[in-house]
Structure formats: structure tokens, C-alpha cells
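What follows is a single structure, written as C-alpha cells, with notes after it.
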Amino acid sequence: MGRNTDLRNPLVLDIASMAKSSNEIAECSLHICPECGSGLVQPTCWQQESDRSQWRVWRRCPECEWVCESVHDVVAIDAYDEQLDLGAHELADELLALEQANMREMADAFFVALRDDLITADDFRV
């Protein structure tokens with residue numbers, strides 16, 4: 001059995017590795033707002049730089065209205081694009097679930113109206 005002194009102190013931080021990882025995280029997290037932390041940062045405009053491996057991107061946070069213009073490499077842009085695709089799929093899934101819930105509610109209300117004879121032929125007269 002090991003002693004407590006054999007374990008690495010979890011409170012001691014390696015500053016050099018943290019700086020590197022935070023830069024990598026910042027580079028790959030273009031969808032995260034540095035001001036409010038929202039994951040909804042959207043591109044408003046983009047253009048390829050003369051380098052062709054760099055993209056200038058204008059971004060905006062809808063939560064706090066933070067805006068930014070910055071240049072990123074293709075790897076960061078691809079990661080950002082993946083996050084945007086994931087967000088689009090989440091929105092589409094949520095919309096489908098909402099549509100199904102609304103249709104279910106309308107069908108249930110229609111069924112109750114038919115069962116209780118609340119709908120007559122006069123309701124369909126033009």
C-alpha cells in the first residue's frame with residue numbers, strides 16, 4: 001500500500017503545459033465566447049487570406065454581443081466548422097421534436113373534439 005506522500009500533489013500545477021493546452025483549446029474553440037463563455041459564437045463573414053492556408057473570420061456572440069476579427073489556420077477552421085455542423089444538427093433535431101410534440105397535441109385535441117361530438121358537418125362548410 002502506498003503512502004500519501006507517494007502521490008503527486010494535485011494542487012501543484014504545471015504552468016508550461018497549461019499555457020500550451022489553453023492556447024490549443026483557444027485555437028480549436030472558436031465557437032466559445034471569450035467574454036461570456038457561450039458556445040453559440042457564429043461566423044458573420046469570412047475570407048481566405050493570400051496564404052491560402054489561413055482564413056480571416058469575423059465572429060459574433062449572440063449572448064453578449066462580443067465581436068471579433070481574427071485569422072486562423074485550416075485546422076482551427078475545420079474544427080469550428082465541425083462545431084457549427086453539430087449545432088445545426090442539434091437545432092434540426094430540436095425542431096423535429098417540437099414539431100412532433102405540436103402535432104401530437106393537435107391530434108389529441110382533435111380526437112377529444114371528435115369523441116365529444118364538438119365537431120359537426122357545419123364546421124367544414126365553406
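Any read-out appearing in this document is the output of simple, stated calculations on the displayed coordinates, not a laboratory observation. The structure presented is a predicted model; accordingly, all values stated were derived computationally and were not measured. With ideal geometry, Cβ positions are generated from the backbone for all residues, glycine too; neighbour counts draw on all protein chains shown.
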**Report entry** Spin-label pair L114/E99, simplified geometry with 7 Å Cα→Cβ offset, distance in nm
**Finding:** 2.3
Report summary line: Cβ density ranking, 10 Å radius, fewest first, applied to V57, V41, V75 yields V75, V57, V41
Query raised in the report: Calculated FRET efficiency, L40 and A107, Cβ-Cβ r, R0 41 Å, to nearest 0.05?
Result: 0.75
Requested in this report: Rank these for me by crowding, F110, F124, going from fewest to most other beta carbons within 10 Å.
Outcome: F124, F110
Report summary line: Expected unfolding gain across L84-I32 under the 0.36 nm per residue rule, minus the alpha-carbon gap, is 17.6 nm
